[in-house]
2 protein chains.
Amino acid sequence: MKNPYASTAPAEVRALIRAQKITGQTSGMCEGFAQANLIVLPYKYAYDFLLFAQRNPKSCPVLEVSEPGDRLLRRIAQTDIATDIPKYRIYENGVLAAEVTDASAYWREDLVSFLIGCSFSFEGELLEAGVSVRHIEQNRNVPMYLTNLPCDPAGALHGNLVVSMRPLPPEQIVRAVTATAAMPRVHGAPVHIGDPAQIGIADLAKPDFGEAVTVNPGETPVFWACGVTPQAVVMASKPTFAITHAPGHMLITDQRNVLLKD
Amino acid sequence: MKNPYASTAPAEVRALIRAQKITGQTSGMCEGFAQANLIVLPYKYAYDFLLFAQRNPKSCPVLEVSEPGDRLLRRIAQTDIATDIPKYRIYENGVLAAEVTDASAYWREDLVSFLIGCSFSFEGELLEAGVSVRHIEQNRNVPMYLTNLPCDPAGALHGNLVVSMRPLPPEQIVRAVTATAAMPRVHGAPVHIGDPAQIGIADLAKPDFGEAVTVNPGETPVFWACGVTPQAVVMASKPTFAITHAPGHMLITDQRNVLLKD
């Protein structure tokens, strides 16, 4: 049931990823350690993106920003951000141009990397609190949906909110809210509980990113802001160039989730 | 005991400030509404400052950022930021050049305003929780101190952390920590509890900003990150130009403190 890398050290898993021995999604790996979303943009968009993140803190809680042109991170992980994520997406003018397991060939001197908190960080808390996490039970990537909720724009950047969804029986919803509200740096409390249509989701069985999961009779879908939102922003705003992680294929950091609470 | 403007609406107090009928410090005004620190910088420093804030979220929780050159705020308050603060400080090359009650004459087309959460926002919570707030009891400005703790630098900006201090009897410290930890957007939990010398404060009776308060026998000084930190950054990093609020003389926003909890 547990992920085979659940108890492996982050640096060890990152080395396997760098060697392309792990190229799949990372949910359940390195329990207790934060995972992070990636968005890489040319410096000319860096201020607009940081402002976008400030204005949309639930979807874009920034954990670290690289120096321009620098592939190395030094705060949340000692890592080369161009190689240590299992799968990357390359965007040109807002269009997906390639999906690669190593982004080195696409790196440029003017790129700035933004690492963003991930809901995987609060899933340990949910499980501890007795809240079910369906996609972990079903060993799938989390289902993610593009909503009709516009983010607060900043400069050249605009787009709609992306959410992740976990179906919950009624008696688990309160605990799910309180457990995640305490972790604002990894998306915090849910943004929506209940009717998917109200936020523009037509069919839960057809997520825009990740994989669908079973919703049992009597369960309510609970939606959290998702760090894939910057990819929706890239598709909507069409910056000349961008690199992101592939949804669910995260950077595994050296930062313990528990330290993201204050 | 209560501030005469404790129950006045924020827009009404801002109008009195704009008319220069209020020019003093704002602690205790408009109970329940957030107050904010101000730092205004030329656009060429805006990315560095936003990154500095991201790297130092306890001292610089950003509540709103203006468009370049725009004096009007639209999110946390409908307000003209050049006139609606009781007292401003003008810095040229890191040196205090003037203290004014209206900053209009100093405004420029390239200025960006950053509004930062203020510990006044959690003082209502402290009082509700039965925690004493000495400077309110003594009707003074809060005492603030420049520490020897370096902030995490960003680009051209660096400097040491500034803290506010409230002396507490031992039985109130835990409640003070838990009440403020729940409000990360207004500095959150304390950064230091106890011996002032350990963070470079030689004499509690001589604050660097604000006014000293009585510390009773048996009380422990408790220190929170303070939104005056950007002023210490300006003095240390010497940007060509900056405008700040005068310590304790805040923007009173239309945002209820309770909404800063999520």
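From the label point of A:Ala182, set 7 Å from Cα along Cα→Cβ, how far away are the matching label points in the other copies, in nm, ordered shortest to longest?
1.2
For the protein assembly as shown, what does -39500 (n - 2.57) per DSSP helix run (n ≥ 4), summed and divided by total residues, give at 222 nm, in deg cm²/dmol to the nearest 500?
Using -39500 (n - 2.57) per qualifying helix, the result is -5000 deg cm²/dmol.
Compute the signed sum of charges (Lys and Arg +1, Asp and Glu -1) over the other residues within less than 13 Å, Cβ to Cβ, of A:Tyr91.
So the surrounding residues net to 0.
Given +1 on the Cβ of Lys and Arg, -1 on the Cβ of Asp and Glu, and no further charges, what dipole in debye does the stretch B:120-225 carry about its Cα centre, rounded to the nearest 20?
Working: 6 positive and 11 negative charges, 20 e Å.
My answer is approximately 100 debye.
In whole Å, how far is the Cα centre of the stretch A:58-117 from that of the stretch A:122-188?
Rounded to whole Å, the Cα centres lie 23 Å apart.
I'd like the projected area of chain B, averaged over all directions, using the convex hull of its alpha carbons. Report it in nm² with one decimal.
12.4 nm²
Between copies, how close do the A:Ala11 label points come, placed 7 Å along Cα→Cβ, listed in nm from shortest?
5.8
I need the peptides B:97-103, A:116-122 ranked by packing, meaning the mean over residues of other C-beta atoms within 10 angstrom, with the highest value on top.
Values: B:97-103: 15.7, A:116-122: 28.6.
By packing density, highest mean first, the sequence is A:116-122, B:97-103.
For A:Arg18, B:Arg75, A:Arg108, what's the fewest-to-most ordering of other Cβ within 10 Å of each Cβ?
The fewest-first ordering by Cβ neighbours comes to A:Arg108, B:Arg75, A:Arg18.
Can you give the charge dipole size of chain A about its Cα centre, rounded to the nearest 20 debye, using +1 on the beta carbon of Lys and Arg and -1 on the beta carbon of Asp and Glu?
With Lys and Arg at +1 and Asp and Glu at -1, about 100 debye.
Output the Kirkwood hydrodynamic radius of the protein assembly as shown, Cα pairs only, in Å rounded to one decimal.
Values: mean 1/r = 0.0416 Å⁻¹.
Value: 24.0 Å, from the Cα pair sum.
If packing is taken as the average number of other Cβ atoms within 10 Å across a peptide's residues, how do A:38-47, A:239-248, A:215-224 rank, most packed first?
A:239-248, A:38-47, A:215-224
Please report, to two decimal places, log10 I(q)/I(0) for the stretch A:1-87 at q = 0.23 Å⁻¹ as given by the Debye formula with identical point scatterers on the Cα atoms and no solvent.
-1.21
Based on the inverse mean of 1/r over its pairs of different Cα atoms, what is the Kirkwood hydrodynamic radius of the stretch A:120-225, in Å?
Computed over the stretch A:120-225, the radius equals 14.2 Å.
Can you put B:Leu63, B:Leu115, A:Leu51, B:Leu127 in order, fewest other beta carbons within 10 Å first?
Neighbour counts put them in this order, fewest first: B:Leu127, A:Leu51, B:Leu63, B:Leu115.
Read phi for every residue in the stretch B:248-257 and hand back ³J(HN,Hα) as whole Hz from Karplus 6.51 cos²θ - 1.76 cosθ + 1.60, θ = phi - 60°, with x for Gly and Pro.
x, 9, 9, 7, 8, 9, 8, 8, 6, 3
Please list the non-local residues whose amide H lies under 5 Å from the amide H of B:Ala98, H modeled 1.01 Å from N, same-chain partners needing a gap of 5 or more.
B:Ile90
Positive end of the charge dipole of the stretch A:15-123 (Lys, Arg +1 and Asp, Glu -1 on Cβ, about the Cα centre): tell me which of A:Leu73, A:Leu63, A:Tyr106 has its Cα farthest that way.
The residue sitting farthest along the positive end of the dipole is A:Leu63.
With a cut-off of 8 Å between alpha carbons and a minimum separation of six or more residues, what is the relative contact order of chain A in percent?
Relative contact order, chain A: 31 percent.
Through the Karplus equation 6.51 cos²θ - 1.76 cosθ + 1.60, θ set to phi - 60°, convert the phi angles of the stretch B:5-20 into ³J(HN,Hα) values in whole Hz; use x for Gly and Pro.
The phi angles translate into 9, 4, 10, 7, 5, x, 4, 5, 5, 4, 5, 5, 5, 4, 7, 6 Hz.
What average count of beta carbons from other chains do you get within 10 Å of the Cβ of residues in B:40-48?
2
For B:Val100, what is the net charge nearby, where nearby means another residue's Cβ is under 14 Å from its Cβ and Lys, Arg count +1, Asp, Glu -1?
After counting each charged neighbour, the total is -1.
Add +1 for every Lys or Arg and -1 for every Asp or Glu among the other residues with Cβ under 15 Å from the Cβ of A:Met29, and state the total.
Result for the neighbourhood of A:Met29: +2.
Under the rule of at least 5 residues apart or a separate chain, name every residue whose amide H is placed under 5 Å from the amide H of A:His245.
Here the answer is A:Leu38, A:Arg89, since their amide H atoms fall under 5 Å of that of A:His245.
Take every Cα-Cα pair in the stretch B:57-195 and report what % of them are more than 21 Å apart.
Summing the P(r) of the stretch B:57-195 above 21 Å gives 54 percent of all pairs.
Pull up all non-local amide H partners of B:Thr79: gap of 5 or more, or a different chain, and H-to-H distance under 5 Å with H placed in the peptide plane.
So B:Thr79 has HN proximity to B:Leu73.
On average, how many beta carbons from a partner chain sit within 10 Å of the beta carbon of a residue in B:62-72?
Shielding by partners across B:62-72 averages 2.
Laboratory data are not the source of any read-out in this text; all were calculated from the coordinates shown. Only a predicted model underlies this, so the values are computations on that prediction, with no experimental measurement involved. Quick reminder, even Gly has a Cβ in these numbers, built from the backbone with ideal geometry, and neighbours come from all protein chains shown.
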